[in-house]
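First up is the structure itself, then whatever we jot down about it.
The values are calculated or read from the model by the stated rules, or taken from the named source; none is laboratory data. Everything numeric in this text was worked out from a predicted model, so none of it was measured. Positions of Cβ are generated from backbone atoms using ideal geometry, with glycine treated the same way; all protein chains shown enter the neighbour counts. What goes into the accessible areas is simple: the full protein's heavy atoms, side chains included, and nothing from ligands, DNA or RNA. Shrake-Rupley method; radii C 1.70, N 1.55, O 1.52, S 1.80 Å.
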Amino acid sequence: MEENYLNRNRIIIFNIASTIILQGLAFISGPIFSGILGTNNYGVAAVYLTWVQIASTVFSLQAAGTIAVARVNFPMEEQEKYQSSVLSLSTISYGCFSAVTMVIAVIVSRNFNIKLPMVALGLLHGWGLYCVSAINSKFTYEFQAGKNFTLSVVTSVFTIGVSILLIHFYPADRNYWGRIIGQSCVYLCIGLFLFASMLRKGRTIYNREYWKFTLPLSIPTIFHLLAYIVLNQSDKVMLQSMVSNSAAGIYALACTFSAVLNTIYHALNNSWVPFYYEYTRQNQAEEIKLHVRNYIELFTIVSIGFILLAREVFHLYAKDSFWAGTDLIPLFSIGYYFVFLYSFPVNYEFYNKKTKLIAVGTSLAAVSNIVLNYAFIRLWGIIGAVIATGVSHGMQFGFHYICAKRINPVEFPFRIRQFIPGLFAVCTASIFYWFTQDMWIIRWGLGGVLGLYLLMKIVKRREIF
């Protein structure tokens, strides 16, 4: 039993560390690259990366996203064959879309200022990015947390290091090429290695049964991810057009800071889902109930602690010209808590292959966010944009909870009463923050007590959750 506890904790810690280190390196490297490149060139590199992420999402068909569900629907001895086949499917799809993209780029470049080498590098970069994310998913759901950690750290460190090195080989007016080439080359090389390794192990390119299983699940996921991009970016664009560039900048930096909480959620979710799927596959309902209770308590206390400590940390992180965004952080935190809650029904939907529902829910949330942004920004300005996003995430949680209950009200292991206390506690912490803005000793003292309480609970149960 002791060995099981230790192994579970080791997997969770490695998975959490993988996500946080990756996000942390990106968080730290932002000021480094913005300082080296300057505003204009940094903007070019940032827009390039946005297009790379879109290409990686759409052109790959997101077939590797089905790796987790395949573990439930195919025997364990077929898993490497399945993974090899779906990665080949993604690569064939990606190659076809890329060829069409290059042809279109060549045609329109005669009339528009399109850099064809940048398009080509972006397409290669996107494929490598997809391969890395696919193997990350494989390692996560196969509980190979050490390999996942190593791959994440190596990829991130080499991307940053090579980019910084190459930037100095270009003149100041074009040094964004160093950042672009550094990223694309590292991801392409690692992607090629991982793809070759997967083909060597699985030895399967085409399998009709696997592809027929994959496509109905993966294609709706594309729309989900694109809608998620709209959901997270529309508020900044609308603030810029309806209020000012300054308002959009203040909002964006407060959002970036608050996204630390979202990063913690993703790290915990990446650790929780493999265990949840395994417990579900083995019909271990009591194990799910036990660990869900611990998981909700863990993230709730982390969220409350983040709210209580955020004000002073944000003032160290941002220049005083951005401090107007300080009081947005509790509202962002409530929105991210809804994202945490919505993951429970969504994980269940994905386990049951209901990816169309996931895409519909995210699309509805994206549309509602645009409508609410228009109304709330006109009423309350920058705060209205945060409220609109939080309400949209709340509606997203409600939609998916109802859908999950309709799939199988008996099998769905989560009840609304499990979520209400945590949500109430986070909202109460946000109100407490506004009444104690100038009483940092009280907030930090309470945060310290909560942290000590959580640590004692973890030590007592010998498990993180």
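What is the number of the single condition among (1) within 24 Å of the chain's Cα centre (by Cα); (2) open to solvent by 40 Å² or more (accessible area, probe 1.4 Å) that M456 does not meet? It is condition (1) that M456 fails.
Which residues, taken from region 240-276, are over 23 Å from the mean Cα position of the chain (by Cα) and either within 20 Å of I13 (Cβ to Cβ) or touching a residue at least 60 places away in the same chain (Cβ under 8 Å) (or both)? Lay out the reasoning, then the answer.
Restricting attention to region 240-276, the residues satisfying the condition of being over 23 Å from the mean Cα position of the chain (by Cα) are 240-247.
Within region 240-276, M242, V243, A247 qualify.
Checked against the criterion of being in a helix (DSSP H, G or I), over 20 Å from the mean Cα position of the chain (by Cα), closer than 30 Å to T91 by Cβ and not β-branched (V, I, T), the candidates F314, F213, F322 yield just one match: F213.
Of everything in region 59-83, what is outside any loop (DSSP other than H, G, I, E, B), open to solvent by less than 80 Å² (accessible area, probe 1.4 Å) and farther than 14 Å from F213 by Cβ? Give them in sequence order.
First, pick out the residues of region 59-83 that are outside any loop (DSSP other than H, G, I, E, B): 59, 63-73, 76-83.
Restricting the remaining residues to those that are open to solvent by less than 80 Å² (accessible area, probe 1.4 Å) gives 59, 63-73, 78-80, 82-83.
F59, E80 - these are the residues of region 59-83 that are outside any loop (DSSP other than H, G, I, E, B), open to solvent by less than 80 Å² (accessible area, probe 1.4 Å) and farther than 14 Å from F213 by Cβ.
The numbered conditions (1) open to solvent by 50 Å² or more (accessible area, probe 1.4 Å); (2) modelled with pLDDT of 90 or more are all true for F14 except (2). When you scan region 448-463, do you find a residue that is of a type in the set (D, E) and within 23 Å of T300 (Cα to Cα), even just one? Checked against the condition, which is being of a type in the set (D, E) and within 23 Å of T300 (Cα to Cα), region 448-463 yields at least one hit.
Report whether or not L364 is buried (at least 18 other Cβ atoms within 10 Å of the Cβ), of a type in the set (A, V, I, L, M), at pLDDT 85 or above and touching a helix residue (DSSP H, G or I) at 6+ places or on another chain (Cβ under 8 Å).
Working: buried (at least 18 other Cβ atoms within 10 Å of the Cβ): no; of a type in the set (A, V, I, L, M): yes; at pLDDT 85 or above: yes; touching a helix residue (DSSP H, G or I) at 6+ places or on another chain (Cβ under 8 Å): yes.
In short, no.
Screening L151 with (1) of a type in the set (A, V, I, L, M); (2) at pLDDT below 90; (3) under 18 Å from Y94 (Cβ atoms) gives one miss only, at (3). Taken together, the residues in region 361-417 that are of a type in the set (G, A, S), in a helix (DSSP H, G or I) and in contact (Cβ under 8 Å) with a residue 40 or more places away in the chain amount to 10.
Of all residues in region 109-132, which are among the small types (G, A, S) and surrounded by fewer than 17 Cβ atoms within 10 Å (Cβ to Cβ)? Show your work before the answer.
Within region 109-132, the subset among the small types (G, A, S) is 109, 120, 122, 126, 128.
If the condition is that a residue be among the small types (G, A, S) and surrounded by fewer than 17 Cβ atoms within 10 Å (Cβ to Cβ), then S109, A120 are the ones that fit.
For the condition under 19 Å from the mean Cα position of the chain (by Cα) and either assigned to a helix (DSSP H, G or I) or not basic (K, R) (or both), G126 qualifies. Restricting region 73-108 to residues that are among the acidic types (D, E) and modelled with pLDDT of 90 or more, the residue that is nearest to T57 (Cα to Cα) is E80.
You will find that of Y228, Y279, the residue that is of a type in the set (S, T, Y), open to solvent by 40 Å² or more (accessible area, probe 1.4 Å) and either under 20 Å from L89 (Cα atoms) or touching a residue at least 12 places away in the same chain (Cβ under 8 Å) (or both) is Y228 and no other.
Can you find a residue that is assigned to a helix (DSSP H, G or I), farther than 17 Å from K138 by Cα and at pLDDT 85 or above anywhere in region 42-54?
Taking region 42-54 and keeping what is assigned to a helix (DSSP H, G or I), we get 42-54.
Restricting the remaining residues to those that are farther than 17 Å from K138 by Cα gives 42-54.
Remaining after also requiring at pLDDT 85 or above: 52.
So far as region 42-54 goes, yes, one or more of its residues are assigned to a helix (DSSP H, G or I), farther than 17 Å from K138 by Cα and at pLDDT 85 or above.
Check region 408-416 and report whether any residue there is touching a helix residue (DSSP H, G or I) at 6+ places or on another chain (Cβ under 9 Å), among the aliphatic types (A, V, I, L, M) and surrounded by 15 or more Cβ atoms within 10 Å (Cβ to Cβ). Within region 408-416, none of the residues are touching a helix residue (DSSP H, G or I) at 6+ places or on another chain (Cβ under 9 Å), among the aliphatic types (A, V, I, L, M) and surrounded by 15 or more Cβ atoms within 10 Å (Cβ to Cβ).
Just one of the listed residues (S152, S163, S246, S234) is surrounded by 14 or more Cβ atoms within 10 Å (Cβ to Cβ), small (G, A, S) and touching a Leu at 6+ places or on another chain (Cβ under 7 Å), namely S152.
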